[in-house]
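Read the structure below first, then the notes.
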Amino acid sequence: MRRRRWGAALLVAASVVLAGCGEAARPYTPGDGPGTGTGTPAAAASGGPSAASSADTAVTPPSTEGSGEPSASSPAIPRGTQTVRIGDTLRVRIEWPSGADPLVRLVADYYVASRRAVVTGDDGYLDNLEYDAVDIAGRWVDEFADQERTLRGVARLYNLRVASVMGKGAQVNACVDETGVRLVSTRTGKAVPRQPPWTRAPYMQGVAAHRYDGGVWRIRAFVTGEEGCTR
């Protein structure tokens, strides 16, 4: 059942206390460009599996379910730039950092899954969300369907990094460049006349997550800002 949303599209935010971290995450406005919050101080995660030695560069994986998507539970991190195809209209280029902690997959996985929800209607993006993150992300995705909008073009994720780790909590940030993406009407197939602010400049998107027994990470909150993403 579709969730009821607040007001206009892309104007949702929440503040969630990170269990296991002991500190509150800043508000996040999904997809609304540079926001008002920034992440916690950076700290390297430890104890995770090592990066893989795969030499995939500019690889375009098939768009079938579960293929080519980053996953925080997978130990392998591709080298170089990976291109993930979402439906027939959207591509996401992920610039994986060399020797990265596998935790960086948390933010990449969420980004790809949430955009897949907009383009194809797949609700798998909810699988690793909990608490207010479910409602915030769900409202954002549903707004596209309500307004008969979708996404087209090429997005880029870069400067993926673990911002902080405190106990069983972690924040992972990435820079998002959606200047090559356009908001498109699903009725006409044409770009809408007024494009949203997030198509004009890169911004930082972060996820705050909690680790459960067995090593499963679930996202509890979102943060956004400009840190490390200005040109």
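The values are calculated or read from the model by the stated rules, or taken from the named source; none is laboratory data. Predicted model only: the values in this text are computed from it and were never measured. Quick reminder, even Gly has a Cβ in these numbers, built from the backbone with ideal geometry, and neighbours come from all protein chains shown. Protein only, heavy atoms only, side chains kept; ligands, DNA and RNA dropped before computing areas. Shrake-Rupley method; radii C 1.70, N 1.55, O 1.52, S 1.80 Å.
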Item to check | Lys/Arg +1, Asp/Glu -1 at C-beta; segment 80-225 dipole; positive extreme among Tyr158, Thr224, Tyr131 | outcome: Tyr158
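Return a whole-number percent for the relative contact order of segment 80-225, with Cα pairs under 8 Å and 6 or more residues apart as the contact set. Intermediate values should be presented prior to the final figure.
Numbers: 288 pairs, mean separation 33.4, N = 146.
It comes to 23 percent, rounded to a whole number.
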Checklist entry - Which value results when the Cα radius of gyration for segment 80-225 is divided by 2.2 N^0.38 Å? => result 1.04
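All other residues with a Cβ under 14 Å from the Cβ of Arg218 taken together, and with Lys, Arg as +1 and Asp, Glu as -1, what is their net charge?
Net charge in that neighbourhood comes out at -1.
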Item to check | Whole-number percent relative contact order across segment 174-225, with pairs defined as alpha carbons under 8 Å at least 6 apart | outcome: 33 percent
Checklist entry - Tell me, what % of the accessible area of segment 80-225 is carbon and sulfur with a 1.4 angstrom probe? => result 45 percent
Checklist entry - Mind checking the dipole of segment 80-225: about its Cα centre, +1 per Lys or Arg Cβ, -1 per Asp or Glu Cβ, Debye to the nearest 20? => result 560 debye
